[in-house]
Amino acid sequence: MVKVGVIGGTGVYDPTWLRGAQERTVETPYGPAAVVEGVLATGAEQAVVFMNRHGSGHSVPPHRVNYRANLWALKSLEVQRVVATAAVGSLNVAMAPGSMVLVDQFLDFTKNRPVTFYDGGPEGVVHTDVTEPYCPESRQRLLEAGEAVGVPLVMGGVYVTTEGPRFETPAEIRAFRMLGGDLVGMTGVPEVVLARELGLCYTSIALVTNYAAGISKTALTHQEVLDVMGQHVSRLRDVMLAGLNGLGHAYHCSCPPAEGPLADH
Ligand code: HPA
């Protein structure tokens with residue numbers, strides 16, 4: 001079985017579900033990344049590497065997350081499949097707060113972050129295909145895991161990534177909706193793109209914590225995001241744990257190997 005990585009987003013911090021958990025810091029060309037390695041406490045001998053996207057104590061804001069170090073660290077620990085969690089706002093009334101969505105496309109409105117490993121160095125110029133940014137096979141397995149534990153997941157949704165750390169204006173949200181966005185968050189890009197560059201299978205389970213600005217009847221707060229995440233995090237964990245057991249098995253997707261010299265770094 002291959003190793004699975006979990007990137008815990010807002011509200012998903014403590015991997016109490018790992019047996020033999022060992023914390024360590026992985027040095028990468030982009031800086032250190034803290035991880036917890038262990039074996040899934042439920043079910044088969046599934047090796048898992050967990051990391052907090054926002055660092056310990058949720059101290060790193062979305063635009064400052066060291067996405068390259070995080071993904072590089074997972075790859076260098078021989079992780080092949082990555083499941084990320086994300087708190088998101090919803091632009092789509094069919095995806096109400098509490099819904100969980102297996103994202104299948106993104107729109108990128110970030111402005112100011114390193115978005116690639118191919119930055120003009122010795123690896124040369126590489127344009128990575130992102131026709132299918134999120135691994136379809138992982139999504140299918142997580143959907144089935146959700147059914148098995150009685151947690152319905154929405155199959156597919158367009159995740160708009162904003163730069164943050166501010167929330168959006170209602171005008172931005174109206175524009176994103178016109179462009180086909182369903183969900184809005186601040187971390188989806190470049191995480192998924194970097195995973196593609198490294199040839200990792202990447203999936204995101206987005207948990208809707210609020211309707212986006214202008215759709216919500218009240219002003220948005222980070223506390224609301226944390227509170228709603230807290231209400232649903234056990235269902236999210238149920239899906240993840242059920243799903244992780246299946247993600248280590250053989251796949252037929254076309255995520256790996258990525259084109260480009262870093263696929264086998
Ligand atoms: N906007 C951006 N990011 C978010 C939101 C939102 O409404 N909710 C949770 N993360």
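Grab the eigenvalues of the alpha-carbon gyration tensor for the range 202-255, scale each by 5, take roots, and send me the semi-axes largest first in whole angstrom. If you can, show how the numbers build up before the last one.
Details: eigenvalues 194, 42, 9 Å².
They are 31, 14, 7 Å, listed from largest to smallest.
Amide H to amide H, with H built 1.01 Å from N, LYS3 comes under 5 Å of GLN80, counting only residues 5 or more places away or on other chains.
Under the Kirkwood approximation applied to all pairs of distinct alpha-carbon atoms, what is the hydrodynamic radius of the range 3-250 in Å? Can you show the working numbers first?
Values: mean 1/r = 0.0554 Å⁻¹.
Hydrodynamic radius (Kirkwood, Cα only) of the range 3-250 equals 18.0 Å.
Normalising the average separation of contacting C-alpha pairs (under 8 angstrom, six or more residues apart) by the number of residues puts the relative contact order of the range 105-218 at 37 percent. Remark: the range 199-206, residue by residue, has Karplus-estimated 3J(HN,Hα) of x, 8, 6, 10, 10, 10, 9, 9 Hz, where x stands for each Gly or Pro and the curve is 6.51 cos²θ - 1.76 cosθ + 1.60 at θ = phi - 60°. With a 1.4 Å probe rolled over the protein heavy atoms of all chains, the accessible area of THR85, THR16 falls in the order THR16, THR85, largest first.
Taking all protein chains together and a probe of 1.4 Å, list HIS54, HIS127, HIS63, HIS249 from the most accessible to the least accessible. Write out the running numbers ahead of the final one.
Details: HIS54 10, HIS127 160, HIS63 60, HIS249 90 Å².
Output order, biggest surface exposure first: HIS127, HIS249, HIS63, HIS54.
Across the range 18-30, coupling constants 3J(HN,Hα) worked out from phi with the 6.51/-1.76/1.60 Karplus curve, θ = phi - 60°, read 9, 8, x, 5, 10, 7, 7, 10, 9, 7, 10, x, 9 Hz, and Gly and Pro carry x. Amide H contacts for SER204 (H built 1.01 Å from N in the peptide plane; partners 5 or more residues away or on another chain; cut-off under 5 Å): ALA84, VAL103. Per atom type, the chain shows carbon and sulfur on 53% of its accessible surface, probed at 1.4 Å.
Take the chain with all the other protein chains still there, run a 1.4 Å probe, and you get 43 Å² of accessible area per residue. Placing +1 on the Cβ of every Lys and Arg and -1 on the Cβ of every Asp and Glu, with no other charges, gives the range 3-250 a dipole of roughly 340 debye about its Cα centre. Please list, ordered by chain and number, the residues whose modelled amide H lies under 5 Å from the amide H of VAL115; skip anything fewer than 5 residues away on the same chain. For VAL115, no residues qualify.
If you take every DSSP beta bridge whose two residues both sit in the range 3-250, what share of them, in percent to the nearest 5, is antiparallel?
Of the beta bridges lying entirely in the range 3-250, close to 40 percent run antiparallel.
Here the Karplus curve 6.51 cos²θ - 1.76 cosθ + 1.60, taken at θ = phi - 60°, turns the phi angles of the range 110-122 into couplings of 6, 10, 9, 9, x, 10, 8, 8, 9, 9, x, x, x Hz, with x standing for Gly and Pro. Farthest towards the positive end of the charge dipole of the chain, among the residues TYR134, ALA175, GLY214, is the Cα of GLY214, using unit charges on the Cβ of Lys, Arg, Asp and Glu. Ordered by 1.4 Å accessible area with all protein chains kept, MET186, MET240 run largest first as MET186, MET240.
The values are calculated or read from the model by the stated rules, or taken from the named source; none is laboratory data. A quick note: this is a predicted structure, and the numbers were derived from the prediction, not measured. Backbone-built Cβ (ideal geometry, glycine too); neighbour counts: all protein chains shown. The protein model used for the area step is the full one, side chains on, heavy atoms only, and it has no ligands, DNA or RNA in it. Shrake-Rupley method; radii C 1.70, N 1.55, O 1.52, S 1.80 Å.
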